[in-house]
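**Q** Before I ask anything, let me first share the structure, which is written out below as structure tokens.
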Amino acid sequence: MLGLVRAPECLFVRCRAGKAKDQRNTFSQAGYLAAAAATNALLKLNPSTIDRGATTHAFRNIKTFRTDIPSSAWYLARAINRNAIHSSSVAEIVNGSLVTRRSCFEAIDPDLAPF
């Protein structure tokens with residue numbers, strides 16, 4: 001299982017495995033986090049019994065995915081409408097390192113009002 005997923009690790013993987021023209025932004029960071037959460041959940045399953053139901057159950061039981069990237073816990077819940085990531089941080093790459101410009105703020109988005 002993966003431990004705490006940290007922003008510098010995410011940047012390292014994107015720079016090492018990505019192409020030079022690939023964006024190093026929060027969209028690619030979100031993809032990295034989704035892949036890390038999925039990998040962590042799937043590694044807990046018995047390979048001989050993996051099916052759609054077991055996978056869905058594993059994803060819905062992600063309760064403690066730990067990362068320093070979003071400012072709140074990441075989760076997958078049963079709901080018609082939801083937004084699991086409603087807070088964030090802002091960072092930029094400076095001389096090959098991530099520099100935090102704003103940390104842990106709630107999204108100001110009218111679509112999130114019902115949540």
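The values are calculated or read from the model by the stated rules, or taken from the named source; none is laboratory data. Just so it is clear, the model here is predicted, and its values are computed rather than measured. Note that we place each Cβ from the backbone using ideal geometry, even for glycine, and neighbour counts take in every protein chain shown.
**Q** In the range 58-115, what residues are at pLDDT 65 or above, closer than 17 Å to TYR32 by Cβ, aliphatic (A, V, I, L, M) and in a loop (DSSP other than H, G, I, E, B)?
**A** Listed by number, the residues that qualify are ILE62, ILE69.
**Q** Right, something else. Check off (1) in a loop (DSSP other than H, G, I, E, B); (2) modelled with pLDDT under 80 for LYS44 and give me the number that stays unchecked.
**A** Result: LYS44 fails condition (2) only.
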